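Undergrad: Right, I'll just put the structure down here and ask away after.
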């Protein structure tokens, strides 16, 4: 199962924001069964060409089910995604937002990386990109050269009023 997580101090993009279509959409995110546990909540604002996300509270912790003592999170970014095959957990991830470099290490099961206050942006070109889409949080692990995913808890986000 792929899950999404978000973290960031928003880097600005050169996309025109445009007219606000919907604001303060609730976002809850969580994941399981991966090397790290990413969970939290935030809000989404949808503009004509960009989705802006603010994490109100969130964290990344080491999953106690694994024997990792340390874990390094390199970058974090958000994308939109749709299931291709729910049974196999296969996703189509698209409209990647700018990455933010964290380069932070979690040193024990008790430590965490705080994501609270981070902001993300996801560009999109067609409203169809938003239909039945999930918000996907992607983190990279520079040591293992791998990715961890987390996604919004909602089955799909309702972006329109």
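Undergrad: Please give the strands (runs of 3 or more DSSP E) falling wholly within region 47-144 in which 2 or more residues are modelled with pLDDT of 90 or more and either buried (at least 19 other Cβ atoms within 10 Å of the Cβ) or out of contact with any helix residue (DSSP H, G or I) (no Cβ under 9 Å at 6 or more places or on another chain) (or both).
TA: The qualifying strands (runs of 3 or more DSSP E) are 50-62, 71-85, 100-106, 112-114, 119-123.
Undergrad: Does residue 9 satisfy the criteria of being closer than 26 Å to residue 109 by Cα, under 16 Å from the mean Cα position of the chain (by Cα) and at pLDDT below 85? First the steps, then the outcome.
TA: Details: closer than 26 Å to residue 109 by Cα: yes; under 16 Å from the mean Cα position of the chain (by Cα): yes; at pLDDT below 85: yes.
Here the answer is yes, as residue 9 does meet what is asked.
The values are calculated or read from the model by the stated rules, or taken from the named source; none is laboratory data. Quantities reported herein were computed from a predicted structural model and do not represent experimental measurements. A quick note on method: Cβ atoms are made from the backbone with ideal geometry, for glycine too, and the neighbour counts reach across all protein chains shown.
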